[in-house]
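A short write-up of the structure that comes next.
None of the figures in this text is laboratory data; all of them are computed from the coordinates on show. What you see is a predicted model, and the numbers here were worked out from it, not measured in a lab. Cβ sites come from the backbone with ideal geometry, for glycine too, and all protein chains shown count toward neighbours.
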């Protein structure tokens, strides 16, 4: 099931954002075939991403041998899409770049996910999430006054700016093919995606509403009503009481609704003072006590939960938001589709497990497969 049922997508194995993109496509119903590489000993080398490999078929080809490259190109002929996460130019050197693949299948959607993109002075340079978001803009705006920019989880560049935009671009290009169009290359650069995610704040910055000084704006910990506060038991409480009516409920909950010395909510000069005042109040009770105070209100106050705690929260349990696979509790796929629902796969295959079956589907004889295996071109 799933909206992409019937689509075959080739994933040239990589790390992090690459298998995550494949997981998304598989979760939406596509048949994802991961092409692992063959190691020097003739054994397949698998992607080490664990649960992100669920539901994928896997073959192992040696792309340094012409026979391995030909096997990939034969697979391309019967596929709807292919994506890779190599540095710019690597796929071409291996013989499985866009020109070679589109020559075999003009309807193919060829996805490319890199940090810097396929062009520009940094295209062939190494980098990681922190580098992409530093040039794209987000990193300079994440932090607290007087401190260096905070190092966030690698969600903005790798997975948000990379995987999600690659999948979005490929699905859009597949829709174009379904309408009678041609295949094409989708260039998903993490530096582009990370900047694109900042679009609303770029507009706020241009208007003067948002400043370059991080920790001084109302969504970056500058405001006392959009902040994380410590509780009496060493835990944390998240407050997002932006709108006046939500702010009023928050003030009532902490006992300041009737205080006669409260500044206007948007008086930025008084935010540091109010932050200290609110923090002192919240520090007098435990996290659970504050959760009880704000239960059933629109004060926009929630406990800060860890990955070990989130799956047990009543809201997550009511929505069946998590499942167990391979001994790992993990989120169910998002978004959810009413008409074409899909369930995440509950099994994964070791590298190369489907090589023989896939080659047979492509028309290779048993003798040809044996020859390829003997030469080390497949495993």
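If R0 is 25 Å, what FRET efficiency do you get for residue 264 and residue 207 from their C-beta distance, rounded to 0.05?
Efficiency at R0 = 25 Å is approximately 0.75.
Taking the Cβ-Cβ separation of residue 104 and residue 347 as r and a Förster radius of 25 Å, what is the calculated FRET efficiency to the nearest 0.05?
The formula returns an efficiency of 0.25 here.
Under a point spin-label approximation (7 Å from Cα along Cα-to-Cβ), what is the residue 179-residue 280 distance to one decimal in nm?
Here the modelled spin labels are 6.1 nm apart.
Starting from the exponent 0.38 and prefactor 2.2 Å, build the expected Rg for the range 226-304 from its residue count and divide its actual Cα Rg by it.
For the range 226-304, the normalised Cα radius of gyration is 1.01.
Quick one: work out the % antiparallel among DSSP beta bridges in the chain, nearest 5.
40
Determine the principal axes of the Cα atoms in the range 124-239, then give the extent along each, sorted from largest to smallest and rounded to whole angstroms.
60, 36, 31
For residue 64 and residue 77 in the same chain, what is the full-extension length gain: residue separation times 0.36 nm, less their Cα-Cα distance, in nm?
2.7 nm
Hey, how many Å between the Cα centroid of the range 13-45 and the Cα centroid of the range 73-123?
One Cα centre to the other: 15 Å.
Counting only helical runs of four or more DSSP H residues, what would the 222 nm mean residue ellipticity of the chain come to if each run contributes -39,500 (n - 2.57) and the total is spread over all its residues?
Taking each H run of at least 4 residues, the total per residue is -9500 deg cm²/dmol.
Relative contact order for the range 14-121: what percent, with Cα pairs under 8 Å and sequence separation of 6 or more?
Relative contact order here is 23 percent.
Using only alpha carbon pairs under 8 Å that are at least six residues apart, calculate the relative contact order of the chain and give it in whole percent.
20 percent.
Given the options 39, 240, 208, which has the most mean-square fluctuation in a GNM of the chain, springs set between C-alpha atoms less than 10 angstrom apart?
For the chain, modelled as a Gaussian network with Cα springs under 10 Å, the answer is 208.
Would you mind giving the three semi-axes, in whole Å and largest first, of the ellipsoid equivalent to the chain according to its Cα gyration tensor?
One finds semi-axes of 48, 23, 18 Å for the chain.
Once a ≥ b ≥ c are taken as the square roots of the eigenvalues of the Cα gyration tensor of the range 1-130, is the result rounded (a/c under 1.5), prolate (a/b larger than b/c) or oblate (a/b not larger than b/c)?
Verdict is rounded for the range 1-130.
Could you please state, rounded to a whole Å, how far the C-alpha centre of the range 227-275 is from the C-alpha centre of the range 351-379?
Rounded to whole Å, the Cα centres lie 65 Å apart.
For the residue pair residue 325 and residue 302, what label-to-label distance in nm results when each label sits 7 Å from Cα along the Cα-to-beta-carbon direction?
Between residue 325 and residue 302, the simple spin-label model gives 2.3 nm.
Normalized C-alpha radius of gyration of the range 161-309, against 2.2 N^0.38 Å?
1.43
For the pair residue 370 and residue 295, what calculated FRET efficiency results from E = 1/(1 + (r/R0)^6), where r is the Cβ-Cβ distance and R0 = 56 Å, to the nearest 0.05?
Given R0 = 56 Å and the Cβ-Cβ separation, E is 0.25.
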